[in-house]
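Here is the structure we will look at.
Here, each number is a calculation from the coordinates, and none is a lab measurement. The structure presented is a predicted model; accordingly, all values stated were derived computationally and were not measured. Here the Cβ is made from the backbone with ideal geometry for all residues, glycine too, and neighbour counts use every protein chain on show.
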Amino acid sequence: MDIRTPVPTIYGDFAKKHMELWRGQGERLKSTFPSAIEEIRWPGESATDVPIFYVSKSQLVEVLRFLKEADGFEYQFLSDLTATDEEVEPRFEVVYQLASFVSGSRIRVKTRVREGERVPTATSVWVGANWPEREVWDMFGVRFEGHPDMRRILMDERWEGHPLRKDYPLRGYQLFPDPMPINVDLLKD
Amino acid sequence: MSKDGSSSFLTTRLDDFVNWGRKHALWPLPFGTSCCGIEMMATFASEYDIGRFGAEAMRFSPRQSDLLIVAGIVNTKMAPVLRNIYDQMAEPKWVMSMGACASSGGIFNVYSVTQGIDTIIPVDIYVPGCPPSPEGVLHALLRLQEKIQQGDTNFHRREREAKIGGGAQ
């Protein structure tokens, strides 16, 4: 089987149901933000189940707000926010999974980040982006500009490195047995 | 005890007597973090009834308990918590490491999991299994009671603590 063959999910065949809607949305997005949309990957052409919009970092928040609020889009729900380590330049991709309760469709927004660069925070669009962004910082070391509380969420504050990076050793144990109170200095940005 | 009042004979008997009392009144502190905790609860329930061996008085306060039962996985972030609880327990105290995860990290050979709680606190007895059956826990309790009856365990604990490098000073 070709990897690009759309695979029906438990929610039904997304591509069959929403392809026309997605094409229209892609056109509108391109005409609204001509410089922000770097690339669009469509199901059937690439190995994906929903369209992926690659957005440049500089206009990310505007695009996300547009996707959330504009008529005909209305992706109100930030289903997930995570990142991937691609091991090429630019190294990271921050992934936003969006869902619409109006049309029932889902799309994926990605933005490419180099190591050490910062991504504008989406907390002004979705308050719920707070903790996922902290998790991305914890696991991948991608910081978010303007985030209200940018510190580790899962690992110990004394942890060194970011465990979900590809170059982090699989068994990179770090043990902190001392019942030391949280060091406030480590929490600062 | 001899007629002139020398107490050497009495002292050993007193130790035995105290140990006998201790081994039959272990108050466990359940530190159940995953499925081993369920088996531990089964051990405490009427079917297996750990109360037959005098260890039914569960105390959720570390200051009122003798036996710390670590039942389940201890993540790296949980390690300082476990150490803190152990340090709060009053002497004499014993630790039972229940299940593969607590004893060695189990199947979780990754960055986020401690590879056995004996890297954090000294352990008196290990229970194998994933999770161990209630009989296993009871067996471990009986072995621990033998250990307590023999005297021990403070000296050995200090040795183990020196190996770990932390602990109550």
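For chain A, the number of Lys pairs separated by eight or more positions or lying on different chains, with C-alpha atoms closer than 28 Å, is 17. Amide H contacts of residue A:83: A:95, each under 5 Å away and 5 or more positions distant or on a separate chain (H built 1.01 Å from N in the peptide plane; Pro and chain starts excluded).
What does the net charge come to around residue B:134 if you take all other residues with beta carbon closer than 9 Å to its beta carbon, with K and R at +1 and D and E at -1? With Lys, Arg at +1 and Asp, Glu at -1, the neighbours total -3.
Note on residue B:35 and residue A:79: the model spin-label points, each 7 Å out from Cα along the C-beta direction, lie 3.0 nm apart. Taking the DSSP beta bridges with both ends in segment A:1-145, the antiparallel portion is around 75 percent. Taking GluC sites (Glu not before Pro) as exposed when their DSSP state is a loop state and no more than 11 other Cβ atoms lie within 10 Å, the longest site-free interval of chain A runs over A:88-159. I'd like the FRET efficiency for residue A:62 and residue A:16, computed as 1/(1 + (r/R0)^6) with the beta carbon distance as r and R0 of 25 Å, rounded to 0.05. Taking R0 as 25 Å, the efficiency between residue A:62 and residue A:16 is 0.20.
Each residue in A:49, A:167, B:66 was given a count of other beta-carbon atoms within 10 angstrom of its own, and listing them fewest first yields A:167, A:49, B:66. For residue B:77, the aspartates and glutamates whose Cα falls under 20 Å of its own Cα, not counting residues fewer than eight places away in the same chain, are A:133, A:135, A:138, A:149, A:156, A:157, A:160, A:178, A:185, B:87, B:118. Remark: relative contact order (chain A) = 14 percent; criterion is Cα-Cα distance under 8 angstrom and separation of 6 or more residues. For the pair residue A:87 and residue A:175 in one chain, pulling the backbone fully straight at 0.36 nm per residue adds 28.9 nm over the alpha carbon distance.
Between residue B:42 and residue B:107, what FRET efficiency follows from the Cβ-Cβ distance if R0 is 30 Å, with the result rounded to 0.05? Efficiency at R0 = 30 Å is approximately 0.85. Rounded to the nearest Hz, the phi-derived 3J(HN,Hα) couplings of segment B:103-115 under the Karplus curve 6.51 cos²θ - 1.76 cosθ + 1.60 (θ = phi - 60°) are 7, 9, x, x, 7, 8, 8, 10, 4, 8, 10, 5, 8, where x marks glycine and proline.
Residues whose amide H falls under 5 Å from that of residue A:117, counting only those 5 or more places apart or on a different chain, are absent, with hydrogens built in the peptide plane.
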